[in-house]
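Inspection log for the structure reproduced underneath, given as structure tokens.
The values are calculated or read from the model by the stated rules, or taken from the named source; none is laboratory data. Please read these numbers as outputs of a predicted model, since none were measured by experiment. Reconstructed Cβ throughout: ideal geometry from the backbone, glycine too, with neighbour counts over all protein chains shown.
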Amino acid sequence: MQTIKCVVVGDGAVGKTCLLISYTTNKFPSEYVPTVFDNYAVTVMIGGEPYTLGLFDTAGQEDYDRLRPLSYPQTDVFLVCFSVVSPSSFENVKEKWVPEITHHCQKTPFLLVGTQIDLRDDGGTVEKLAKNKQKPITFEQGEKLAKELKAVKYVECSALTQKGLKNVFDEAILAALEPPEPVKKRKCTIL
């Protein structure tokens, strides 16, 4: 059975671990969320074929900067996460996470994942952002950044409501199985 290795990266507290726990157990962890979820394998059927999806969580905190890349070798697809209600985590996708994974795994496809979309309409959260003259990140902003950074796709979800959650992993599997063709540069032709 073919195994797909999927590694999840992003700032601390953007919901990476909740995303994995919610996806693998169908329950949102309400009490305790560990910094790192133990590696987990799920069997998924794709086109009638069983695949093992190996999920690897990472700690986003800076203390783990030297340790984190140890889980990168042989990765088939990365999920680069940010919270749609944390503009700084969105900024760090470009400043930290994509440079880090492309430095270690140049050709590995990655998806840009917006998390915590249930908080986009949460009054308290929106108010807190407004106090700092900030707004939640829109779907369009996510898509634009994904294009700019050459992500396979932009997807978003809520681990709490599970909206879009399965789709994140479906798209990750597709990206791992069918890495996008390199874009051929059009040569100038004079007819």
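Here are a few things to note about the model shown:
- Considering only residues in the range 149-164 that are over 18 Å from P29 (Cβ atoms) and either among the basic types (K, R) or without any contact (Cβ under 8 Å) to a residue 40 or more places away in the chain (or both), the one that is surrounded by the most Cβ atoms within 10 Å (Cβ to Cβ) turns out to be K153.
- Taken together, V8, V14 contain a single residue that is at pLDDT 90 or above and assigned to a loop (DSSP other than H, G, I, E, B), which is V14.
- Residue check, D170 surrounded by fewer than 21 Cβ atoms within 10 Å (Cβ to Cβ), out of contact with any helix residue (DSSP H, G or I) (no Cβ under 6 Å at 6 or more places or on another chain), of a type outside the set (K, R) and at pLDDT below 95: yes
- When Y23, Y51 are checked against the criterion of being among the hydroxyl-bearing types (S, T, Y) and in a helix (DSSP H, G or I), Y23 stands alone in meeting it.
- Residue ID - surrounded by the most Cβ atoms within 10 Å (Cβ to Cβ), chosen from residues in the range 136-148 that are touching a Phe, Trp or Tyr at 6+ places or on another chain (Cβ under 7 Å) and of a type outside the set (G, A, S): I137
- Condition met for T58 (at pLDDT below 95 and touching a strand residue (DSSP E or B) at 6+ places or on another chain (Cβ under 8 Å)): yes
- Residue in the range 87-107 that is β-branched (V, I, T), crowded, with 17+ Cβ neighbours inside 10 Å and not in a helix (DSSP H, G or I) present: no
- Subset of the range 109-136 (residues that are out of contact with any strand residue (DSSP E or B) (no Cβ under 6 Å at 6 or more places or on another chain) and closer than 30 Å to I4 by Cα): D118
- Candidate set from the range 69-86 (those that are aliphatic (A, V, I, L, M) and farther than 16 Å from G142 by Cα); member that is surrounded by the most Cβ atoms within 10 Å (Cβ to Cβ): V77
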